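Asks: The structure that follows is given in the form of structure tokens.
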2 protein chains.
Amino acid sequence: MDELTERQKLILTLVVRDYIETAQPVGSRRILERFNLDISSATVRNEMMALSEAGLLRQPHSSAGRIPTEDGYRYFVTHFVYQTDLPEPTRHTITHQFYQARQDVEQWMHLAVSILANHSHAASLITAPHAERASYKHLELISTQGRQVLMVLVLVGGEVLQQILTLAEPASQEQLSSAADRLNQICIGRTAEEILKSPTQMNNLEQDILTLLLGDMTSGDQRASGQMYLDGLTNVLSEPEFVESTDARRTLRRFEERSLLQDLLARTTGSGAVGIVQVLIGGEGEFEELKQCSVVLARYGIPGIATGALGVFGPMRMSYARNIPTVRFMADLLSGLVSETMLGDEPR
Amino acid sequence: MDELTERQKLILTLVVRDYIETAQPVGSRRILERFNLDISSATVRNEMMALSEAGLLRQPHSSAGRIPTEDGYRYFVTHFVYQTDLPEPTRHTITHQFYQARQDVEQWMHLAVSILANHSHAASLITAPHAERASYKHLELISTQGRQVLMVLVLVGGEVLQQILTLAEPASQEQLSSAADRLNQICIGRTAEEILKSPTQMNNLEQDILTLLLGDMTSGDQRASGQMYLDGLTNVLSEPEFVESTDARRTLRRFEERSLLQDLLARTTGSGAVGIVQVLIGGEGEFEELKQCSVVLARYGIPGIATGALGVFGPMRMSYARNIPTVRFMADLLSGLVSETMLGDEPR
DNA sequence: TTTAGCACTCTCGTCTTGAGAGTGCTAAAT
DNA sequence: ATTTAGCACTCTCAAGACGAGAGTGCTAAA
């Protein structure tokens, strides 16, 4: 695969870069003009032909300029842009924006997803950090006078779970409060497994609530995503490959429904590695809906403690050179945030 | 204004109905065919001319069919569809969908906004119910070992506020816990004003936290919206008036940013009336961005206790006959939800 | 190995043209 | 006094014609 000459590599990158910017097929002449090379257009044409035969470029029709194939993008990404870093001014801008408002995780996520959308000019998505083995901190039970009870469970590290539950038989606020007190004494500081291992005498009400509570504490691992935040759908919408295309719009719909995201983010869970940026070009055969699209994904957080995922979605013709470092940088930023709030590290 | 003959009213409704369905200018002949009236096309033309002079219809160009003007839509809405109710099967479907999963407010909102989007074929938005004068229930302070502290405040009624705060000087978890205990004793069951009126002796730490806490309890009234939920952007995207139009896309962007929503929902706060459906056609002069669009809005909840807002956004050519009753019905449904959880009423 | 030259192909914008839909008006019919 | 038939007129829209332009592949010379 790596039998490309230096000049072929150069021309490949130039074609990819130009096409990413203009969305127009790139001709041999155009390249000379834009990057004023001192070779002739015929030479470029010959090299282009070689690259076409290697499957890295193709022509929309027989006498048009070249556009990259999926493999072309892949080559470009792995050989040229993957290791690049974000320029310092950009890092500074993002950091500045990011540390503007810090109130709660919710708002932080909103901010992060919006920053990511703006810098990538694509649709961005983030899942809230999810504690992997969280331990119990405090329980609050709030009666609503019927059999409906609001349960608020606070975990160490600050995650808050809420659930409305219906009791088998009505209970007064006093009963609920004493049950909560009891459970708070028994469970405090323990993980779900630890609580399970040390059986304790308790009444029906307490037992019922404990069951639900433990369910909540562990079920988070199943869905593998706290909350899903989504922004910048309209960015990708203004890309030429998305106007006027019906199936592109269907893809967008699947995105908005979050069902595609689930599958996508599941991929990042598998590898488990935090801070590694994955690039999915054209769905890679796995995702029919993403044929024309690309996704840049990463996991953030502290493995084994609390992690989340983030990513960027756009046309295959997205700016990898900008988006890969951006995703990486945001992942680092969010990892820092997690370690501050979970471990109490000082901000840098 | 009401000097329209019965036949003119009929023809107006038929034009509006047909245009809403087809997005094509409606000709005199087309109306005869579709609704087989037993009058001639010339008669229809005469009536159409009268309606054009009354400012209810207009022609895109001199020899085309008619389309409704903003006033035309307004007449149609106020005279014909405003009082209609949702057909029973639809109500049943929605109710069924709505009561499928009930876990916490968060999920309920997600479900509601998605149902609304699907039934309206438009973009839908809902704000979480916000307690208007909430009283204190429980405070939890979680140290992260630095000067950063996570504050979790639970209000009566079940609203949960989270905030990360930075202390002037470091405090241990023990200090934080005792501060929280103290504040819990002092504040429990009281509203922000009541707490303010009864000054109590307390140390610096407690005083600082109390200030922040009271700020949180009252600031909710300012922004007038708990959380904002948005869905169905892609619905309005597939409408013909939105493909290929740049300023339509800009409007959509403003929508995604939630800034337009703020202004829009502020309108519903003013009137305060719960369950009244408001229809905003073409921005009504107030909203430049909504020139081609319409919005159907309502407030839900229990006035003086807890309320939220919901609405639907789409092209001016949206199906009012479906969306107005749908918004009304969803408002009722959500009001019921609020009264269940806040007042403890049994579900219907 | 590179480059100049050339014939060839394909797209795209512009222009023309004709069909079709719809109107407004006038005069006849009810 | 309405309603309707008839008609001339206007405007859009789809289809075809056509030339400019961009880009290619190939061959032969440098």
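Asks: State whether one or more residues within the stretch B:229-243 are acidic (Asp, Glu) and more than 17 Å from B:His121 (Cβ to Cβ).
Replies: No; the residues of the stretch B:229-243 include none that is acidic (Asp, Glu) and more than 17 Å from B:His121 (Cβ to Cβ).
Asks: In this structure, does A:Ser238 turn out to be out of contact with any Leu (no Cβ under 9 Å at 6 or more places or on another chain) and open to solvent by less than 40 Å² (accessible area, probe 1.4 Å)?
Replies: Values: out of contact with any Leu (no Cβ under 9 Å at 6 or more places or on another chain): yes; open to solvent by less than 40 Å² (accessible area, probe 1.4 Å): no.
The answer is no for A:Ser238.
Asks: While we're looking at this one, here's another question. Confirm whether A:Ile67 is touching a Phe, Trp or Tyr at 6+ places or on another chain (Cβ under 7 Å), within 13 Å of DNA strand C (Cβ to nearest atom) and either more than 14 Å from chain B (Cβ to nearest Cβ) or not polar (S, T, N, Q) (or both).
Replies: When the stated conditions are applied, A:Ile67 passes them.
Asks: State all residues of the stretch A:9-40 that are among the polar types (S, T, N, Q) and more than 34 Å from the chain's Cα centre (by Cα); if no residue qualifies, say none.
Replies: Of all residues in the stretch A:9-40, those among the polar types (S, T, N, Q) come to A:13, A:22, A:24, A:28, A:36, A:40.
If the condition is that a residue be among the polar types (S, T, N, Q) and more than 34 Å from the chain's Cα centre (by Cα), then A:Ser28, A:Asn36, A:Ser40 are the ones that fit.
Asks: Looking at (1) surrounded by fewer than 16 Cβ atoms within 10 Å (Cβ to Cβ); (2) closer than 25 Å to B:Gln278 by Cα, can you tell me which one B:Val81 breaks?
Replies: Every condition holds for B:Val81 apart from (1).
Asks: Every residue in the stretch A:43-60 that is near DNA strand C (Cβ under 10 Å from one of its atoms) and open to solvent by 50 Å² or more (accessible area, probe 1.4 Å), please.
Replies: Of everything in the stretch A:43-60, those that are near DNA strand C (Cβ under 10 Å from one of its atoms) and open to solvent by 50 Å² or more (accessible area, probe 1.4 Å) turn out to be A:Arg45, A:Asn46, A:Gln59, A:Pro60.
Asks: When the stretch A:86-111 is examined, which residues are found to be part of a helix (DSSP H, G or I) and within 14 Å of chain B (Cβ to nearest Cβ)?
Replies: A:Phe98, A:Val105, A:Glu106, A:Gln107, A:Trp108, A:Met109, A:His110, A:Leu111
Here is a yes/no grid of residues against (1) touching a strand residue (DSSP E or B) at 6+ places or on another chain (Cβ under 7 Å); (2) open to solvent by 20 Å² or more (accessible area, probe 1.4 Å); (3) closer than 25 Å to B:Arg322 by Cα; (4) of a type in the set (Gly, Ala, Ser):
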site: B:Glu6; (1), (2), (3), (4): no, yes, yes, no
site: B:Pro25; (1), (2), (3), (4): yes, yes, yes, no
site: B:Ile31; (1), (2), (3), (4): no, no, yes, no
site: B:Ser41; (1), (2), (3), (4): no, yes, no, yes
site: B:Ser62; (1), (2), (3), (4): no, yes, no, yes
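Yes/no per residue for (1) more than 13 Å from DNA strand C (Cβ to nearest atom); (2) not hydroxyl-bearing (Ser, Thr, Tyr):
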site: B:Val16; (1), (2): yes, yes
site: B:Ser63; (1), (2): no, no
site: B:Asp71; (1), (2): yes, yes
site: B:Val77; (1), (2): yes, yes
site: B:Thr84; (1), (2): yes, no
site: B:Thr95; (1), (2): yes, no
site: B:Phe98; (1), (2): yes, yes
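Asks: Kindly indicate whether any position in the stretch A:88-104 is closer than 18 Å to A:Arg7 by Cα and either touching a residue at least 24 places away in the same chain (Cβ under 8 Å) or surrounded by fewer than 15 Cβ atoms within 10 Å (Cβ to Cβ) (or both).
Replies: no
Asks: For the stretch A:124-160, give me the residue count where each residue is of a type in the set (A, V, I, L, M) and facing another protein chain (nearest Cβ under 8 Å).
Replies: 6
Asks: For the stretch A:254-264, check the following and say yes or no: at least one residue is within 13 Å of chain B (Cβ to nearest Cβ), closer than 28 Å to A:Asp71 by Cβ, among the aromatic types (Phe, Trp, Tyr) and out of contact with any Asp or Glu (no Cβ under 7 Å at 6 or more places or on another chain). Lay out the reasoning, then the answer.
Replies: Residues of the stretch A:254-264 that are within 13 Å of chain B (Cβ to nearest Cβ), as a first pass: A:254-260.
When the remaining residues are screened for being closer than 28 Å to A:Asp71 by Cβ, the result is A:254-255, A:260.
Restricting the remaining residues to those that are among the aromatic types (Phe, Trp, Tyr) gives A:255.
From the residues that got through so far, the ones that are out of contact with any Asp or Glu (no Cβ under 7 Å at 6 or more places or on another chain) too are A:255.
Yes: the stretch A:254-264 contains one or more residues that are within 13 Å of chain B (Cβ to nearest Cβ), closer than 28 Å to A:Asp71 by Cβ, among the aromatic types (Phe, Trp, Tyr) and out of contact with any Asp or Glu (no Cβ under 7 Å at 6 or more places or on another chain).
Asks: Would it be correct to say that A:Ile20 is open to solvent by less than 70 Å² (accessible area, probe 1.4 Å) and within 14 Å of chain B (Cβ to nearest Cβ)?
Replies: Answer is no for this residue.
Asks: In the list A:Thr78, A:Thr43, which residue meets the criterion of being more than 13 Å from DNA strand D (Cβ to nearest atom), away from every other protein chain (no Cβ under 14 Å), modelled with pLDDT of 90 or more and not in a loop (DSSP other than H, G, I, E, B)? First the steps, then the outcome.
Replies: Values: A:Thr43 fails: more than 13 Å from DNA strand D (Cβ to nearest atom).
On inspection, the qualifying residue turns out to be A:Thr78.
Asks: Give me the pairs: first residue in the stretch A:38-50 and in the same structural domain as A:Leu14 (by TED's automatic domain parsing) and under 10 Å from A:Ser28 (Cα atoms), second residue near DNA strand D (Cβ under 10 Å from one of its atoms) and open to solvent by 90 Å² or more (accessible area, probe 1.4 Å), beta-carbon distance under 7 Å, and six or more apart or on different chains, which are they?
Replies: A:Ser41/A:Arg29
Asks: Residues B:Asp181, B:Asp231, B:Asp247: which one is under 30 Å from B:Ile20 (Cα atoms), among the charged types (D, E, K, R) and open to solvent by 60 Å² or more (accessible area, probe 1.4 Å)?
Replies: Going through B:Asp181, B:Asp231, B:Asp247 in turn, just one is under 30 Å from B:Ile20 (Cα atoms), among the charged types (D, E, K, R) and open to solvent by 60 Å² or more (accessible area, probe 1.4 Å): B:Asp247.
Asks: If you check A:Ser172, A:Ser178, A:Ser198, which single one turns out to be small (Gly, Ala, Ser), within 12 Å of chain B (Cβ to nearest Cβ) and more than 35 Å from the chain's Cα centre (by Cα)?
Replies: A:Ser172
Asks: Within the stretch A:65-78, work out how many residues are in contact with a helix residue (DSSP H, G or I) (Cβ under 6 Å, 6 or more places away or on another chain) and either more than 14 Å from A:Ser294 (Cα to Cα) or open to solvent by less than 30 Å² (accessible area, probe 1.4 Å) (or both).
Replies: Selection size over the stretch A:65-78: 5.
Asks: Return the only residue of A:Thr268, A:Thr307 being farther than 20 Å from A:Ala117 by Cα and surrounded by 18 or more Cβ atoms within 10 Å (Cβ to Cβ).
Replies: Sole residue among the options that is farther than 20 Å from A:Ala117 by Cα and surrounded by 18 or more Cβ atoms within 10 Å (Cβ to Cβ): A:Thr307.
Asks: Right, next: Out of the stretch A:233-253, which residues are assigned to a helix (DSSP H, G or I) and more than 9 Å from every other protein chain (Cβ to nearest Cβ)?
Replies: Looking only at the stretch A:233-253, we keep the residues that are assigned to a helix (DSSP H, G or I), and these are A:233-237, A:246-253.
Selection gives A:Val236, A:Asp247, A:Ala248, A:Thr251.
Asks: Next question. Checking the condition open to solvent by less than 20 Å² (accessible area, probe 1.4 Å) and either more than 29 Å from B:Leu57 (Cα to Cα) or assigned to a loop (DSSP other than H, G, I, E, B) (or both), which residue from B:Gly283, B:Gly301, B:Gly275 passes?
Replies: Matching residue, one of B:Gly283, B:Gly301, B:Gly275: B:Gly301.
Asks: Being open to solvent by less than 40 Å² (accessible area, probe 1.4 Å) and touching an Asp or Glu at 6+ places or on another chain (Cβ under 8 Å) narrows it down to one of B:Ala122, B:Ala131, so name that one.
Replies: Just one listed residue meets the conditions, B:Ala131.
The values are calculated or read from the model by the stated rules, or taken from the named source; none is laboratory data. These figures come from a predicted structure and were not determined experimentally. Backbone-built Cβ (ideal geometry, glycine too); neighbour counts: all protein chains shown. Quick note on the areas: whole protein, heavy atoms, side chains included, nothing else; ligands and nucleic acids left out. Shrake-Rupley method; radii C 1.70, N 1.55, O 1.52, S 1.80 Å.
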